[in-house]
Amino acid sequence: MLVTDFLTRNARFFGAYEALVVPDGRVSTWLELEQRTESLASGLSTILAPGERLAMHAGNCAEYVDFFFGCAKSGVVGAATNIRHSEDELVEYLKKVEPSALLVHADLAERGEHLASKLECVQHVIGFGGDHGFDRDLEDLISTAPVRPRPKLHPDDPYQMCPTSGTTGSTKSVVMSHRNATTAMLAYLAEYDAREGDTWLQMNPLYLNAGGPAHLTHVLWKGGRTIVVPGGFEPRRFLEAVDRFKVTHTSLVPTMVRMMLDLGPQVISRYDVTSLRSVVLGGAPVTAPFLEEAEAVFGRVFNSTYGMTETYSTGLILRTEAVVDESGAVRPDRLATAGRPHLHLDARVVAEDGSDVPADGETVGEIWLQGDSITSGYFRDPDATRDSRSADGAWFKTGDLATKDSEGYVKIVDRLKDVIISGGLNVTSGEIEGVLSTHPEVLEVSVIGVPHPTWGEAVHAVIVRRTKGMQDELTRDELTEQLAAIARERLGGYKRPKSYSYVVALPRNSTGKVLKRELRRTLAGQGGVQAE
């Protein structure tokens, strides 16, 4: 099965029904979406060959759905970019992807022009969404496209490339096939109670896990509609959209739920949220008090998930019915887990010797996953691809440490990759450490996540200063200001440290590895740090 198959099917069975809605903006039926993306695919084929990459640089907008389906029909491989990355980060990433063309929203036209000037591989820049100033325009490409037959594609052909960060901190490009995407979407369909006529609200960034089940969702598979709200998440706008469009399904990170709860019951009660039936909740663990507070407002609608870009948002699911006992009370022990594998996946918790750990809920191992939604690897990075697999190549190694109990519930206890999750976004500590260490006064730096009331975790940098050098000239506050300036120049906003502390030496084990767990424990014992 190809990603385009269900669009063509829906155009036949649900042609006059709404498929895509932008509040106070564009509305497309299934038939219109089929015809528009058919023209887009033909237009793309006049400038790009199957297998070439088309990078998209835009915030949430209806054109992402055009992009996903247009790429799927043409054989052109989509490569969405993270608009929160700095320009240097984007250039570094796109040099790996080597896109032949850029698709850029008018709001980001200046940045798109700069990117194109630094990338020799880019032959075409296509603008949309207003006065962009580029030679090619998306609407012109669609309206003037000649009729061309679709190329013959295979389910294992690449469909999208998705940016992710590994242990080194450098952004890699995950290659996702039609098979990966359709398998993941069908897994969501099996888990999240989609019915004909349902409505999905899209407020998570569409450039993350691009074209996967959190975007082209299980709701769409049954002829439902997607509401795309430009501008990103804002609590009142979310509540207003749920009320206005009678939203049944959506995906959130706990930070977003927390923002809404902080509005208070008087504000929330102004909106009717009773239409919500399923909320995919991922990006960070939740606590029993948090879940009980959220359910008091939204009902028992939350399903916690564990997944990643490499698995197209699939992995483990903690179903709503699994976290309550016979009386309906929340089970904190079960809520502390990430759940059990999605229906199409197999999961193991593996010791260092490659054997499965005992199902005792105590012995720690690494989570390994296997299934058709898992990527074949990283684009033009055989070393990273090999390192992400078991010795026989059959299992994907997540890098997350966990335990497993006698009923198969997996509890995550730590992260091998030292990834900080802030507001549902992954922040790799190694990348930030590399940037801060460029300051001549920094001898060593270790970056960790510290608790934050809104974002779940905030980035905190622990600095060891040089014993000789600039110490007599720079105060600690002055050094902090200079490090913050470097971060502003080199890092996206969500990656920048929100707080700093200074130590004489970093704790290490016998092999010299920094013990970040000890740093977290020490900070907690000192009453933590104040993160902005």
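If you take the residues of the range 255-313 that are among the polar types (S, T, N, Q) and within 24 Å of LEU208 (Cβ to Cβ), which of them is surrounded by the most Cβ atoms within 10 Å (Cβ to Cβ)?
Filtering first and then ranking leaves THR311.
Do we have any residue at all in the range 463-486 that's within 22 Å of ALA524 (Cβ to Cβ), crowded, with 20+ Cβ neighbours inside 10 Å and at pLDDT 90 or above?
Within the range 463-486, one or more residues are within 22 Å of ALA524 (Cβ to Cβ), crowded, with 20+ Cβ neighbours inside 10 Å and at pLDDT 90 or above.
Across the range 346-384, which residue is surrounded by the most Cβ atoms within 10 Å (Cβ to Cβ) among those that are of a type in the set (A, V, I, L, M) and over 23 Å from the mean Cα position of the chain (by Cα)?
Among them, the one singled out is VAL349.
Among the residues of the range 411-423, are any surrounded by fewer than 17 Cβ atoms within 10 Å (Cβ to Cβ), of a type in the set (Ser, Thr, Tyr) and in contact (Cβ under 8 Å) with a residue 40 or more places away in the chain?
Within the range 411-423, none of the residues are surrounded by fewer than 17 Cβ atoms within 10 Å (Cβ to Cβ), of a type in the set (Ser, Thr, Tyr) and in contact (Cβ under 8 Å) with a residue 40 or more places away in the chain.
Looking at ALA241, is it over 30 Å from ASP400 (Cα atoms), touching a Leu at 6+ places or on another chain (Cβ under 7 Å), not in a loop (DSSP other than H, G, I, E, B) and not β-branched (Val, Ile, Thr)?
In short, yes.
Among TYR17, TYR64, which is modelled with pLDDT of 95 or more, buried (at least 24 other Cβ atoms within 10 Å of the Cβ) and not aliphatic (A, V, I, L, M)?
TYR64
Quick one: in the range 453-462, of everything that is of a type outside the set (Asp, Glu) and not in a loop (DSSP other than H, G, I, E, B), which residue is modelled with the lowest pLDDT?
Per the criteria, the residue is GLY456.
Can you name every residue in the range 355-375 that is closer than 28 Å to SER173 by Cβ and either assigned to a loop (DSSP other than H, G, I, E, B) or outside the structural domain of LEU401 (by TED's automatic domain parsing) (or both)?
Those that are closer than 28 Å to SER173 by Cβ and either assigned to a loop (DSSP other than H, G, I, E, B) or outside the structural domain of LEU401 (by TED's automatic domain parsing) (or both): GLY371, ASP372, SER373, ILE374, THR375.
Residue-by-condition table, conditions (1) more than 21 Å from MET161 (Cα to Cα); (2) modelled with pLDDT of 95 or more; (3) outside any loop (DSSP other than H, G, I, E, B):
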residue	(1), (2), (3)
THR385	no, yes, yes
THR398	no, no, yes
LYS411	yes, no, yes
ILE420	yes, no, yes
GLY430	yes, no, yes
THR438	yes, no, no
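Out of (1) surrounded by fewer than 17 Cβ atoms within 10 Å (Cβ to Cβ); (2) at pLDDT 90 or above; (3) under 19 Å from the mean Cα position of the chain (by Cα), the odd one out for GLY232 is which?
Failing condition for GLY232: (2).
Picking from MET260, MET256, which residue would you name as being part of a helix (DSSP H, G or I) and closer than 19 Å to LEU206 by Cα?
The match here is MET256.
In the range 189-237, which residues are among the aromatic types (Phe, Trp, Tyr) and either over 23 Å from HIS178 (Cα atoms) or part of a strand (DSSP E or B) (or both)?
Listed by number, the residues that qualify are TRP200, PHE233.
Is it true that some residue in the range 44-64 is touching a residue at least 60 places away in the same chain (Cβ under 8 Å) and acidic (Asp, Glu)?
The answer is yes; a qualifying residue exists.
Where in the range 6-114 are there strands (runs of 3 or more DSSP E), lying fully within it, with 2 or more residues that are not small (Gly, Ala, Ser)?
18-21, 27-29, 53-57, 101-105
What pairs come up if the first residue lies in the range 194-205 and is assigned by TED's automatic domain parsing to the domain that holds LEU252 and more than 14 Å from TRP30 (Cα to Cα), the second is aliphatic (A, V, I, L, M) and in a strand (DSSP E or B), and their beta carbons are under 6 Å apart, counting only those six or more places apart or on different chains?
Hits for this filter: LEU201/ILE227; GLN202/VAL228.
Here is a yes/no grid of residues against (1) at pLDDT 90 or above; (2) among the β-branched types (Val, Ile, Thr); (3) not in a loop (DSSP other than H, G, I, E, B):
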residue: TYR271; (1), (2), (3): yes, no, no
residue: THR274; (1), (2), (3): yes, yes, no
residue: VAL279; (1), (2), (3): yes, yes, yes
residue: PRO289; (1), (2), (3): no, no, yes
residue: TYR306; (1), (2), (3): yes, no, yes
residue: LEU316; (1), (2), (3): yes, no, yes
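Residues are listed down the side, and each one gets a yes or a no for (1) free of Cβ contacts under 8 Å to residues at least 40 places away in the same chain; (2) within 25 Å of THR164 (Cα to Cα); (3) outside the structural domain of CYS71 (by TED's automatic domain parsing):
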{"site": "HIS218", "(1), (2), (3)": "yes, yes, no"}
{"site": "PHE233", "(1), (2), (3)": "yes, yes, no"}
{"site": "ARG237", "(1), (2), (3)": "yes, no, no"}
{"site": "VAL247", "(1), (2), (3)": "no, no, no"}
{"site": "VAL253", "(1), (2), (3)": "no, yes, no"}
{"site": "GLY264", "(1), (2), (3)": "yes, no, no"}
{"site": "VAL267", "(1), (2), (3)": "yes, no, no"}
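Is it true that some residue in the range 387-395 is buried (at least 20 other Cβ atoms within 10 Å of the Cβ), modelled with pLDDT of 90 or more and not acidic (Asp, Glu)?
Yes, that holds for at least one residue.
Residue check, LYS172 against (1) under 30 Å from MET260 (Cβ atoms); (2) buried (at least 17 other Cβ atoms within 10 Å of the Cβ), all met but one. Which one?
Failed condition: (1).
The values are calculated or read from the model by the stated rules, or taken from the named source; none is laboratory data. None of the values given here were measured: they were computed from a predicted structure. In this analysis, Cβ positions are derived from the backbone assuming ideal geometry, glycine residues included, and neighbour counts consider all displayed protein chains.
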